[in-house]
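Here the structure comes first, spelled out in structure tokens, and everything after it is commentary.
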Amino acid sequence: MRRSSPDRPSRLLVPTLVLLSTVTGIVSSLGAPLVPTLAAELGVTLAAAQWTLTVTLLTAAVSTPLLGRYAAAHRRRPTILAGLVVVVAGTVLAAVAVTVPALGLPWLIAGRAAQGVGIALTPLAMTVARDVYPAERSQRIIPGLSVAGVVGAGLGYPLTAAVAQVGGVAAAFWLGVLLTGATLAISWYAVPAAPRGSTPRVQPLEALLLGGSTLAVLLGINQTTSWGWGDVRTLGLFALGVAGAALWAWLTLRSPSPLVDLRLAFGTPALGPHITVVLAGVGMYMSLALVIVLLQTHTPAGWGLDQPVLVAGLVLVPYSLAAVVGTRLSRWAGGYLPAVRLLPIGCALYLASALLIALVHDQVWQALVAMAVGGLGSGFTFAMIPALLVRTVPAAETGSALGFNMVLRYVGFSAGSALGVTVLALASGGPVPTEHGFRIASLVNAAVWLVAIVVVLAIGNRQRPEPLSAGG
């Protein structure tokens, strides 16, 4: 069978790139709606089961810059295929771990960690489209690939939840094996090789230090529910995380070819968008985690909506659809208003969503409305942050700034995933969620978005606002 080449790309290349972005979104969705079910089936706490989502996002944060560096020039096709092999293997491991209860949570977490590599493949799919097709066509394809990831997650939530409800959690993971295996097969045929060229030096140690230090801090946050904030083990994890981050920064600043250009990140106006994307990532995944808990919880006191996993998956569909609408609205409004003025709107919508779910959460439709409002906020926020970076960072440094911003986004996602259930457990006074604990956790989530608004407004006061259409 003749494989695709750069000179004559396969007719299947565009559908393959869309499939690659969509399926990795679906695989990432194997976490959120299934967390409470996994906690019940594996006999672990909700905070422990939440690691099946947190570790996936953390792996994405580490692997995104690493794969981007490995995939330079002629290494692009092998990197994409190797990444898909890792995702397939991780999905198989997760499916086996759920099928064989004796393997338990550690093996499931290991499989989910490997699946996180799949999230880092979407930027590589965009790179293929940029390099293979003429500029006019690639500019139409790349936004579609970005939306495909969102749509994939939106499809994945109800799809995996439906399969889990009918065939059990193991069936949802075996479906993931089927989808990722098919994506690997078609990618082997359709993704073209790139011409040979110079390849930058890869520094895996930098990525490992970044991931390890973040993991130590997240473990410390997670274990506060068992050990307490003042326990020597908790403090030791925090100290280890800070020391690891300091060592990573030291090595990065001394490296002639760093994975992340810290001087660019913290020495330019990009600092504001970088801080904002971390806060937005934390707030977004805190909200998702809390809504899933609300939907599936049922306590003797009568708190919780006691819905099956399918409903938990379906309630996130309005979020994904509203995120697409919010993205389009933000692009339209960007012709009249600057990104620095639109970004607070996105954060304010998410703030309203968090307050709404904190105040009214007795019916499923209320959760649907809150998720739709949050989705609009997500579309505005995550569309405007890259636009703001492009406007504030010198053109030659835009790629590096956007790459680092993507890493920080996933760090925020993983932190929010861990922080949501941790705050819920602390406020509830134990592993069983209470309504009081849910309200407190939702208000903490709202506070995160309030801080994000303050940061964005502070940026706006230091910059000359221009509509996105100004200057081309």
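What follows is calculated from the coordinates using simple rules that are stated; it is not laboratory data. Given the structure is predicted, the values throughout are model-derived calculations rather than measurements. Glycine also receives a Cβ, built like all others from the backbone with ideal geometry; neighbour counts cover every protein chain displayed.
Return the sequence-ordered ³J(HN,Hα) values of the stretch 284-295 in whole Hz as given by the Karplus equation 6.51 cos²θ - 1.76 cosθ + 1.60 applied to θ = phi - 60°, using x for Gly and Pro. 3J(HN,Hα) across the stretch 284-295, in whole Hz: 5, 7, 4, 4, 4, 4, 5, 5, 4, 4, 4, 5. The Cα trace of the stretch 1-193 gives Rg and Dmax of 16.8, 54 Å, the first to one decimal, the second as a whole number. Sorted fewest first by neighbouring Cβ atoms within 10 angstrom, Ile275, Ile292 come out as Ile275, Ile292.
Label-to-label distance, Val85 versus Val454, with points set 7 angstrom from Cα along the beta-carbon direction: 5.0 nm. Over all distinct Cα-Cα pairs of the chain, the Kirkwood formula returns a hydrodynamic radius of 22.5 Å. In this calculation the C-beta distance from Ser226 to Glu136 is compared with R0 = 45 Å, giving a FRET efficiency of 0.20.
Pairs of Cα atoms under 8 Å, at least six residues apart: use those to get the relative contact order of the stretch 160-270, whole percent. Normalised by residue count, the contact order of the stretch 160-270 is 21 percent.
Evaluate the Kirkwood expression for the hydrodynamic radius of the stretch 260-472, namely the inverse of the mean inverse distance over all pairs of different C-alpha atoms, and round to one decimal in Å. List each step's numbers first, then the result.
Details: mean 1/r = 0.0569 Å⁻¹.
Answer for the stretch 260-472: a Kirkwood hydrodynamic radius of 17.6 Å.
Remark: the stretch 235-248, residue by residue, has Karplus-estimated 3J(HN,Hα) of 5, x, 5, 4, 5, 5, x, 5, 5, x, 5, 5, 5, 4 Hz, where x stands for each Gly or Pro and the curve is 6.51 cos²θ - 1.76 cosθ + 1.60 at θ = phi - 60°.
Which percent of the Cα-Cα distances in the stretch 204-258 go past 18 Å? So the pairs more than 18 Å apart make up 37 percent of the total in the stretch 204-258.
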